[in-house]
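Take a look at the structure set out below.
The values are calculated or read from the model by the stated rules, or taken from the named source; none is laboratory data. All values derive from a computational prediction rather than experimental measurement. Neighbour counts are summed over all protein chains in view; Cβ atoms, including those assigned to glycine, are modelled from backbone coordinates with ideal geometry. Just the protein is used for accessible areas: all its heavy atoms, side chains included, with ligands, DNA and RNA removed. Shrake-Rupley method; radii C 1.70, N 1.55, O 1.52, S 1.80 Å.
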Amino acid sequence: MGRLDGKAALISGAARGQGAAIARLFATEGARVVLGDVLDDLGSEVAREIGATARYRRLDVTREDDWAAAVAEVTSAFGRLDVLVNNAGILTYAPLERLALDEYRRTIEVNQVGCLLGIQAAIPALKAAGGGSIVNTSSTAGMQGVPRLGAYVSSKWAVRGLTKVAALELGQYGIRVNSVHPGAIATPMIDPAGTLATSKDHPWATVPLERVGLPVDVARLMVFLASDESSFCTGSEFVIDGGATAGIRATGAL
């Protein structure tokens, strides 16, 4: 414990699943956190569960004024901003032939534009703090193609590229920017029934580590990237997928 002592963090998409796990672990490691989301009841409950070091703020990541208010909440409540986690995201399933333009645009707005707006809103406060860490949630879908996920894949590749540009521009201010690329993680976005975490038979569990990832797995990586332990890491991709992108896995005994 204590790896994030003294730090203040803003986490988008923090009302449930992966974002909630990140907020909880950040607080356990000593950070003060503002949880942003549009799921007000769930987000408020997570903040209450964490306690006095956490606050919930409604945050529609596609709205500039929501981002400005969220950053102001962090700096007003905790005096500074050290860490931004751009975690909010949505998933749209459709083959390209039937992918509706409004669904494509909505996915890009939340996953890609939301990330850009978060970075822009956080920069002044991170500069004022003398530097900090921005962690953008991309996906293994930001490193390869996935059928029927054209909108999601496009957005996550864009987040990967945006991360590198931000790292190049912001390094002079001591602001590090990295992207995290989860594979199949048992969150409500892909697992609304809550059955993946214990599944060994689901296709997503057929990775070298033979299980689906858990939100806390991603949260532990986020703690590293938010902490001073990663002080020389910027502009990089951190893959957390149980080995799914390592290559073709042979079946049977070797």
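With the condition kept exactly as written, say whether any residue in the range 97-105 is touching a Gly at 6+ places or on another chain (Cβ under 8 Å), crowded, with 16+ Cβ neighbours inside 10 Å and part of a helix (DSSP H, G or I).
Start the filter on the range 97-105 by keeping residues that are touching a Gly at 6+ places or on another chain (Cβ under 8 Å), which leaves 99, 104.
When the remaining residues are screened for being crowded, with 16+ Cβ neighbours inside 10 Å, the result is 99, 104.
Those still in the list that are part of a helix (DSSP H, G or I) too: 104.
There is at least one residue in the range 97-105 that is touching a Gly at 6+ places or on another chain (Cβ under 8 Å), crowded, with 16+ Cβ neighbours inside 10 Å and part of a helix (DSSP H, G or I).
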Could you please tell me which pairs satisfy a Cβ distance under 9 Å, a separation of 6+ or placement on different chains, a first residue in the range 86-115 that is touching a residue at least 60 places away in the same chain (Cβ under 8 Å), and a second residue that is among the aromatic types (Phe, Trp, Tyr) and in a helix (DSSP H, G or I)? Gly89/Tyr152; Ile90/Tyr152; Leu91/Tyr152; Thr92/Tyr104; Thr92/Tyr152; Gly114/Trp67
Say we look at the range 160-177 and pick out the residues that are open to solvent by 10 Å² or more (accessible area, probe 1.4 Å) and outside any helix (DSSP H, G or I); which of these is farthest from Thr137 (Cα to Cα)? Gly174
Looking at (1) surrounded by fewer than 22 Cβ atoms within 10 Å (Cβ to Cβ); (2) not in a helix (DSSP H, G or I), which one does Ala88 not meet, given that it meets all the others? (1)
Subset tally (residues that are over 19 Å from Ala166 (Cα atoms) and part of a strand (DSSP E or B)) for the range 217-238: 0
Based on this model, can you work out whether Glu73 counts as in a helix (DSSP H, G or I), out of contact with any Phe, Trp or Tyr (no Cβ under 9 Å at 6 or more places or on another chain), at pLDDT 95 or above and surrounded by fewer than 24 Cβ atoms within 10 Å (Cβ to Cβ)? yes
When Gly130 is evaluated against the numbered criteria (1) in a helix (DSSP H, G or I); (2) in contact (Cβ under 8 Å) with a residue 40 or more places away in the chain; (3) surrounded by fewer than 24 Cβ atoms within 10 Å (Cβ to Cβ), which criterion, by number, is the only one it fails? (1)
From the list Ser231, Ser199, pick out the single residue that is modelled with pLDDT of 90 or more and among the polar types (S, T, N, Q). Ser231
The conditions are (1) farther than 16 Å from Ile11 by Cβ; (2) at pLDDT 95 or above; (3) open to solvent by 30 Å² or more (accessible area, probe 1.4 Å), and Val216 fails exactly one of them. Which is it? (1)
Return the residue satisfying two criteria in turn: it lies in the range 138-159 and is open to solvent by 10 Å² or more (accessible area, probe 1.4 Å), in contact with a strand residue (DSSP E or B) (Cβ under 8 Å, 6 or more places away or on another chain) and part of a helix (DSSP H, G or I), and of such residues it is farthest from Ile240 (Cα to Cα). Gly150
Which is out of contact with any helix residue (DSSP H, G or I) (no Cβ under 7 Å at 6 or more places or on another chain), under 13 Å from Asn87 (Cβ atoms), at pLDDT 95 or above and open to solvent by less than 10 Å² (accessible area, probe 1.4 Å), of Gly118, Gly114? Gly114
Somewhere in the range 57-76, is a residue closer than 23 Å to His181 by Cβ, among the basic types (Lys, Arg) and free of Cβ contacts under 8 Å to residues at least 60 places away in the same chain? no
Selection from the range 234-244 of residues that are at pLDDT 95 or above and either open to solvent by 30 Å² or more (accessible area, probe 1.4 Å) or aliphatic (A, V, I, L, M) (or both): Thr234, Ser236, Glu237, Phe238, Val239, Ile240
Restricting attention to strands (runs of 3 or more DSSP E) lying wholly within the range 1-67, give those where 1 or more residues are open to solvent by 20 Å² or more (accessible area, probe 1.4 Å) and modelled with pLDDT of 95 or more. 32-37, 54-58
